[in-house]
Structure formats: structure tokens, C-alpha cells
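First up is the structure itself, then whatever we jot down about it.
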Amino acid sequence: MRAQLATDFERFKARALPRDFPSHVREAYGIDLTARYLGTTIPHPIGKGSGQLSLNQGQLEADAEAGLAFAVLKTVIAQDAAGAQSMAAWAIHEAKMRVERRGGGWTVTWKGRGWDRSFEDYLALVRIGGDLTRAGQILVVPSVKYHLPRLDEPFKDSEYAFTTRALATAWGEPLLLLEKDFSPTLAGDELAGERAQILRWLREVPARIRAHAAVRLAVKVMNARFDDDFQLEMVRAAAAADALVVFNRLFDAKQGVAYGGPELSQRNLRVLGRLTPGDSPGITSTPGFRPGLAELSGTGGIASGRMILEYARRGCDSVQLHTYFQLPQDEYAATEGSRTQRALHQLVFDPVDGLIAGMLDLEGRGVLERRAGELHFLDLSTDAHRPR
Ligand SMILES: Cc1cc2nc3c(=O)[nH]c(=O)nc-3n(C[C@H](O)[C@H](O)[C@H](O)COP(=O)(O)O)c2cc1C
């Protein structure tokens, strides 16, 4: 199998990775990459996190063609029927992005802005996303930043109502899948200086959204400015969500930018290790934690198949990458195919750090066992969630 992996890696370098690579992985290696996002079965765990890489139809079609499992649309800022946006400060144009090295990995400088075109334009993209999803091409998930009040203020329900209904109508049948974004820039905002306020948002927002349409809801939990214990409290507070995206980027208060890289993945894995200890060395679980833990989707600092497995072993059924799909072209081994295809090629087939190599290693170490002759990606997260 190792020899076959080396051959496949070379072979797919020079010709674009086939869209249906999960079938090949199953036949050639007896590895079932099936994963899950928001209760939907997907052929493998790798999706694109919300951001600049899912702004238009062309990007979604190229990603569907590449065989990406899912794409989360850029975050739109909620509005009411008259077009008023209480979070308007985020609906402005992103300055030019810079891809750079940070802490031994890559990061993209990002101030944390949302969708900067009209809401109608966003609805048009959601319609296209619904069509691609129904056609089984790729799972598309819109993302929204709704009003977040101060502790003594009420939620602006008019924004929740108008935006949620409009998205559900544009999406069509069946159920709308939705991500609620608690952006990392909030960590730099005075609004996010208060723990009680953040916990109230996480507790109350799912019901505020669900009051207006049938949705399956993922809450993207930010990395707050507080310690790991508070990060766990946030997860506990968001238990009403169907899925949690764990965790959005870190915030550099000095530079006023959100950042990622190894510092982000280390923090995320450390906190996740306390939720679903699995066999993470040196990590003690939080007793009695497991509040019927929602499905988890990992995000942050993922730049290899091995890192995907680290998230899976701490309970994640899928992962959402952004930075890794933005690297300079010569960072990928493949010389053919779209950026998404080149990234997927490396994440899955890299003979040392890829998903296949990593799963074969876990089998060798007795962490993962074949069932009816196959290794299953989802067995890793299932095992992490098992009480010990
Ligand atoms: C340029 C850029 C724009 C982003 N925009 C959004 C956004 O609009 N909404 C959101 O929830 N996350 C956004 N993110 C966060 C990503 O979806 C992702 O969770 C985060 O970057 C961590 O993953 P990574 O380390 O693979 O980049 C953005 C990230 C980048 C780099």
C-alpha cells in the first residue's frame, strides 16, 4: 500500500486529481473517507471555511469540479426589511490579503470583514448553492453574522426574521443549513470584553434563528480573549446548535488582525482534547462535561492530512480549511489542476503527511481497526466521543 501511495501521489501530481478520488481511495486502500457535516453525509472530511474563497458562482463550480466536500459561503451581515444592519461595521470591503509565514506555518492577514455587496447578490449566490447541493455536486452552507446585543439590550429580532426567512426562501428545499459566525474580530471589539455577554449570545442565538425558519444550524465559536476554561464554557453554552465549528481564528490586538497557523491549531486541539479526550497524551478530560455534545467541525491551522486526523481524534467529523487553499502555487507538489485540486491531492495522498498515510499509521499503531476489511475515517471521531 505504501508503494501504491507513492505511485498515486506521483501520478496525480501531473494530471488533475479525479473528482471521485474517495472511490479510488476505498478500492485501492480499503479506506472509507466518508465524513459528516451538519448531519449530512459527505464523501470525505475536507471543506472550505467561510471566506474570500467562496464569494461567487465560479469558485463554487470549480470546487465542485475538484471534488471538495463542502464550501461555506462568505459571511453576510444580517439586515432587516428596510436594509438596516446593526453590524454594519463588518460589511465593508476587505483590504488586500497577505499570505505570510507566522509561527512556522502560514497565515493570511484578515481584518475580519463580511460580505460587502448587496444582500440580493448574496441571495443569488445562496440560490446557486442550493442548486449545486441538490444536484449532489457539493454541499454549500451560507454563513451569517446577526445582531449581537449588549447584556442589557434586546436582540434585534427584525434582523433575525428578515435575514433568516430570505435565506430559507432563496435556498429552497429541503432544510437550509446555516452557519452563525461569531467573528474573531469581535474578540478585538469592546463588545466581547464581557464573558456573561458572550455566553448569553451563544445560549440564545440558536433559538432566535430557529424562530423564523426550519434550519440546521452550526455555530462557529470564536477564540475569545480568555483562557481555555472559558473556551469550554462557550462550547457548553452553545449546546443548542446542531454543530459547532471549532474554533475561529485568534486575534492579534496589537495589529488588529485575525490570524491562524500553528498557534491556532495548538490552542484548538488543546481545548478539544478536554472535550473529547480520546487518546490525546497528557490531557485530562473535564469530568461530566459531555452536554450531548453537538457534532464538531474542526477549523484552524490545518495544513496536512495528519492535522485533519488530529482534529478527528478529538471528535471532529469534518474540517474546514481556508489558508491552505490560498498558498502560493509552488507550495503544492501537484503541477496540474486547480488550486483546490492541488491542495486536496496533497492533503489526501502525500506519502508522509497525507490522510491515507496517517490512517495507515494509526492502523499500524492499533488506534484504528478495519471493520469488514475497511478503515473508516468516522471511527476516529466516534471513538473520541466514547465516554471513558
Ligand atoms: C481571508 C479570510 C477571510 C475569512 N472570512 C471569514 C468569514 O467571512 N466568516 C467566517 O466565519 N470565517 C472567516 N474566515 C475564517 C476561516 O473560515 C477559517 O475558519 C479560519 O481561517 C481558520 O482556518 P485556516 O487556519 O485554515 O485559515 C476567514 C479567513 C480568512 C483567512
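So is Arg216 assigned to a strand (DSSP E or B), in contact with a Gly (Cβ under 8 Å, 6 or more places away or on another chain) and basic (Lys, Arg) or not?
yes
Within the bounds of region 212-220, is there any residue that is open to solvent by 10 Å² or more (accessible area, probe 1.4 Å), within 15 Å of the ligand (Cβ to nearest atom) and not hydroxyl-bearing (Ser, Thr, Tyr)?
Yes - at least one qualifying residue is present in region 212-220.
Which one is farthest from Ser304 (Cα to Cα), of the residues in region 360-375 that are open to solvent by 30 Å² or more (accessible area, probe 1.4 Å) and in a loop (DSSP other than H, G, I, E, B)?
Of everything passing the filter in region 360-375, Ala372 is farthest from Ser304 (Cα to Cα).
Taking into account only those residues within region 311-349 that are among the hydroxyl-bearing types (Ser, Thr, Tyr) and either within 16 Å of the ligand (Cβ to nearest atom) or buried (at least 24 other Cβ atoms within 10 Å of the Cβ) (or both), which is farthest from Gln59 (Cα to Cα)?
Per the criteria, the residue is Tyr311.
Is there a residue being at pLDDT 95 or above, open to solvent by 20 Å² or more (accessible area, probe 1.4 Å) and within 16 Å of the ligand (Cβ to nearest atom) anywhere in region 350-359?
Yes.
Could you count how many residues in region 237-252 are in a loop (DSSP other than H, G, I, E, B) and within 12 Å of the ligand (Cβ to nearest atom)?
3
Residue check: is Thr164 touching a strand residue (DSSP E or B) at 6+ places or on another chain (Cβ under 8 Å), more than 16 Å from the ligand (Cβ to nearest atom) and at pLDDT 95 or above?
Yes; evaluated as a whole, the condition is true for this residue.
Considering only region 45-101, state which residues are open to solvent by 40 Å² or more (accessible area, probe 1.4 Å), in contact (Cβ under 8 Å) with a residue 40 or more places away in the chain and more than 15 Å from the ligand (Cβ to nearest atom).
Passing the criteria: Gln57, Glu61, Ala62, Glu65, Ala81, Ala84, Ser86.
Quick check on Leu132: is it away from the ligand (no atom under 16 Å from the Cβ), at pLDDT below 90 and part of a helix (DSSP H, G or I)?
no
Anything in region 293-310 that is more than 11 Å from the chain's Cα centre (by Cα) and more than 10 Å from the ligand (Cβ to nearest atom)? List them, or say none.
Of everything in region 293-310, those that are more than 11 Å from the chain's Cα centre (by Cα) and more than 10 Å from the ligand (Cβ to nearest atom) turn out to be Leu293, Ala294, Glu295, Ser304, Gly305, Arg306, Ile308, Leu309, Glu310.
Which of the numbered conditions does Gly104 fail, given that it passes all the others? Conditions: (1) at pLDDT below 95; (2) closer than 27 Å to Asp317 by Cα; (3) open to solvent by less than 70 Å² (accessible area, probe 1.4 Å); (4) not aromatic (Phe, Trp, Tyr).
(3)
Given the criteria of a type outside the set (Gly, Ala, Ser) and modelled with pLDDT of 95 or more, does Gln137 qualify?
yes
Consider Ile42 carefully, then state whether it is within 16 Å of the ligand (Cβ to nearest atom) and either surrounded by 15 or more Cβ atoms within 10 Å (Cβ to Cβ) or not polar (S, T, N, Q) (or both).
No.
Restricting the search to region 329-344, which residues are more than 20 Å from Met307 (Cα to Cα) and touching a strand residue (DSSP E or B) at 6+ places or on another chain (Cβ under 7 Å)?
Hits for region 329-344: nothing passes.
So, in region 222-234, of the ones that are more than 16 Å from the ligand (Cβ to nearest atom) and in contact with a helix residue (DSSP H, G or I) (Cβ under 8 Å, 6 or more places away or on another chain), which residue ends up farthest from Trp201 (Cα to Cα)?
Result: Asp228.
Out of region 325-350, which residues are touching a Lys or Arg at 6+ places or on another chain (Cβ under 8 Å), assigned to a helix (DSSP H, G or I) and of a type in the set (Phe, Trp, Tyr)?
Phe325
Arg267 - would you say it is within 12 Å of the ligand (Cβ to nearest atom), farther than 17 Å from Ala294 by Cα, in contact (Cβ under 8 Å) with a residue 40 or more places away in the chain and crowded, with 23+ Cβ neighbours inside 10 Å?
Against the criterion (within 12 Å of the ligand (Cβ to nearest atom), farther than 17 Å from Ala294 by Cα, in contact (Cβ under 8 Å) with a residue 40 or more places away in the chain and crowded, with 23+ Cβ neighbours inside 10 Å), Arg267 does not qualify.
The values are calculated or read from the model by the stated rules, or taken from the named source; none is laboratory data. As the structure is a prediction and not an experimental result, all values here were calculated from the model. Cβ atoms come from the backbone with ideal geometry, glycine included; neighbour counts cover every protein chain shown. Areas reflect the complete protein model, heavy atoms only, side chains present, ligands, DNA and RNA absent. Shrake-Rupley method; radii C 1.70, N 1.55, O 1.52, S 1.80 Å.
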